Amino acid sequence: VRDNITLDQVTGNLRTAPLAQEVVFGCGSNQSGQLGQTDSAVDGIMGFGQANTSIISQLASKGNAKRVFSHCLDNVNGGGIFAIGELESPMVKTTPLVPNQVHYNVILKGIDVDGDAVDLPPSLASFGGNGGTIIDSGTTLAYLPENLYKAVLDKITAKQPVKLHMVQETFACFSFTSNTDKAFPVVNFHFEDSLKLTVYPHDYLFSLREDMYCFGWQSGGMTTQDGSDVILLGDLVLSNKLVVYDLENEVIGWAEHNCSSSIKVKDGSGAAYSIGADN
């Protein structure tokens with residue numbers, strides 16, 4: 001199916017004008033699973049993957065954009081920033097993308113909980129490096145192979161003991177009346193080229209009700225065709241960070257950022273303009 005998609009083209013600092021572009025998209029006539037439920041239903045999914053059929057690849061093939069985009073998900077005020085184009089500022093450290101992959105695969109070198117290293121399981125997929133991990137903004141939570149999930153939770157609860165119970169057979173929850181950011185440790189993911197992803201307690205914990213918190217970490221993840229485990233990191237760990245997907249240079253990166261502020265992105269002529277948040 002072909003139709004026009006309307007984007008806001010940057011025309012100056014914090015100024016945009018409508019831009020219509022024809023793209024090809026697919027339609028699903030039979031939805032299954034939670035997509036059919038009222039609280040999970042969506043109008044559609046906009047694909048920004050590496051395939052030639054993705055929206056970003058189609059726009060780039062017409063000369064309308066480079067294959068670079070950024071997002072900043074604001075879990076404090078809601079909304080955030082989404083921009084297509086080369087990032088000018090702030091500066092963002094990057095790690096190489098694993099080549100010839102459908103997803104945004106990166107090489108995980110290690111995990112620590114407040115500096116206390118967690119052993120990576122031998123079952124973790126090797127994409128030519130040590131640890132197979134996918135960065136996926138289309139996934140809400142963070143999924144770790146079962147033995148890694150248990151190891152991370154054990155390290156966290158060793159530093160802040162709590163009595164866990166399962167809710168909806170999915171979430172490990174506990175009662176707590178103090179400040180969670182002060183009481184619980186940070187979790188650091190270390191990637192190739194010394195890129196670190198720090199996940200704070202307010203990122204990996206969510207409040208079920210007053211004085212009741214649950215871990216957003218999930219036991220699961222993905223498996224490759226040969227049965228190896230893959231870590232899947234979703235919005236749980238990406239929130240409140242500016243994440244840049246640079247397919248031109250085959251890298252991905254992030255930096256701590258106020259997602260209610262602005263960023264600077266270059267247009268087709270090379271001029272850099274500020275883009276504000278949509279909260």
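So in region 142-190, with the set limited to residues that are of a type in the set (Phe, Trp, Tyr) and out of contact with any Ser or Thr (no Cβ under 7 Å at 6 or more places or on another chain), which one is farthest from GLY221 (Cα to Cα)?
Narrowing region 142-190 to residues of a type in the set (Phe, Trp, Tyr): 143, 149, 171, 174, 176, 184, 189.
Going one step further and asking which of them are out of contact with any Ser or Thr (no Cβ under 7 Å at 6 or more places or on another chain), we end up with 143, 171, 174, 176, 184, 189.
On the way: TYR143: 4, PHE171: 15, PHE174: 23, PHE176: 28, PHE184: 24, PHE189: 16 Å.
For region 142-190, the residue satisfying everything is PHE176.
Is there a residue being on the phi < 0 side of the Ramachandran plot, of a type in the set (Gly, Ala, Ser), in the same structural domain as VAL118 (by TED's automatic domain parsing) and in contact (Cβ under 8 Å) with a residue 60 or more places away in the chain anywhere in region 155-172? No.
Quick grid of which residues meet (1) modelled with pLDDT under 95; (2) surrounded by 19 or more Cβ atoms within 10 Å (Cβ to Cβ); (3) closer than 22 Å to GLY49 by Cα:
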{"site": "ASN130", "(1), (2), (3)": "yes, no, no"}
{"site": "ILE135", "(1), (2), (3)": "no, yes, yes"}
{"site": "LYS155", "(1), (2), (3)": "no, no, no"}
{"site": "LEU164", "(1), (2), (3)": "no, no, no"}
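Is it the case that region 179-191 has a residue that's over 22 Å from PHE69 (Cβ atoms) and acidic (Asp, Glu)? Within region 179-191, one or more residues are over 22 Å from PHE69 (Cβ atoms) and acidic (Asp, Glu). Within region 46-66, is there a residue that is in the same structural domain as ASP8 (by TED's automatic domain parsing) and of a type in the set (D, E, K, R)? Scanning region 46-66, I find at least one residue that is in the same structural domain as ASP8 (by TED's automatic domain parsing) and of a type in the set (D, E, K, R), so the answer is yes.
Scan ASP229, ASP246 and give me the residue that is in contact (Cβ under 8 Å) with a residue 60 or more places away in the chain and touching a Pro at 6+ places or on another chain (Cβ under 6 Å).
Numbers: ASP246 fails: touching a Pro at 6+ places or on another chain (Cβ under 6 Å).
The unique qualifying residue is ASP229.
Identify, from the list SER126, SER89, SER137, the residue that is under 30 Å from GLN160 (Cα atoms) and of a type outside the set (Phe, Trp, Tyr).
Working: SER126 fails: under 30 Å from GLN160 (Cα atoms); SER89 fails: under 30 Å from GLN160 (Cα atoms).
From the options SER126, SER89, SER137, the qualifying one is SER137.
Can we say THR139 is loosely packed, with under 14 Cβ neighbours inside 10 Å and of a type in the set (Ser, Thr, Tyr)? Answer is no for this residue.
The values are calculated or read from the model by the stated rules, or taken from the named source; none is laboratory data. Quick caveat, the model's predicted, so the values are computed rather than measured. Cβ: placed from backbone, ideal geometry, glycine included. Neighbour counts: every protein chain shown.
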